[in-house]
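The values are calculated or read from the model by the stated rules, or taken from the named source; none is laboratory data. For clarity, every value in this text was computed on a predicted model and none was experimentally measured. Neighbour counts are summed over all protein chains in view; Cβ atoms, including those assigned to glycine, are modelled from backbone coordinates with ideal geometry. These area figures cover heavy atoms from the full protein model, side chains too; ligands, DNA and RNA do not enter into them. Shrake-Rupley method; radii C 1.70, N 1.55, O 1.52, S 1.80 Å.
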Amino acid sequence: MDATQFKNKTDKWWKGKKVKSLVEIQNGWATLPAGTIFTVKRKWAGLELISDPCDHCGLKVSITKVPYDYIELIDGDDA
């Protein structure tokens, strides 16, 4: 997905889509490796993502302002 395609997709379109990180993504609490599966919560200044729960402890990590080129769409019309 390029910048134009990303800008043309609305918050409503993104909400609930499954994506996979292409790079290591971090917030103030955790660093998640490339290949982590996330669900898009919303599009605002990038994407707001929440990770699938950890298999061992059930922890979910929320990360905001993720650039479109850090993720790959794995669920949706353009997957």
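Summary of values
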item: Å² per residue, accessible surface of the chain at 1.4 Å; result: 65
item: Distance in nm between pseudo-label sites at Lys65 and Gln26 (7 Å out along the Cβ direction from Cα); result: 1.5
item: The range 7-79, accessible surface, carbon-and-sulfur percent (1.4 angstrom probe); result: 50
item: Low-density loop cleavage sites - GluC sites (Glu not before Pro) in the range 1-74, where at most 16 other Cβ are within 10 Å (DSSP); result: Glu24
item: Label-to-label distance, nm, for residues given as Asp11 and Trp44 (7 Å Cα→Cβ offset); result: 0.5
item: Sparse-neighbour loop sites [trypsin sites (Lys or Arg not before Pro); the range 34-79; at most 15 other C-beta within 10 Å; DSSP]; result: Lys60
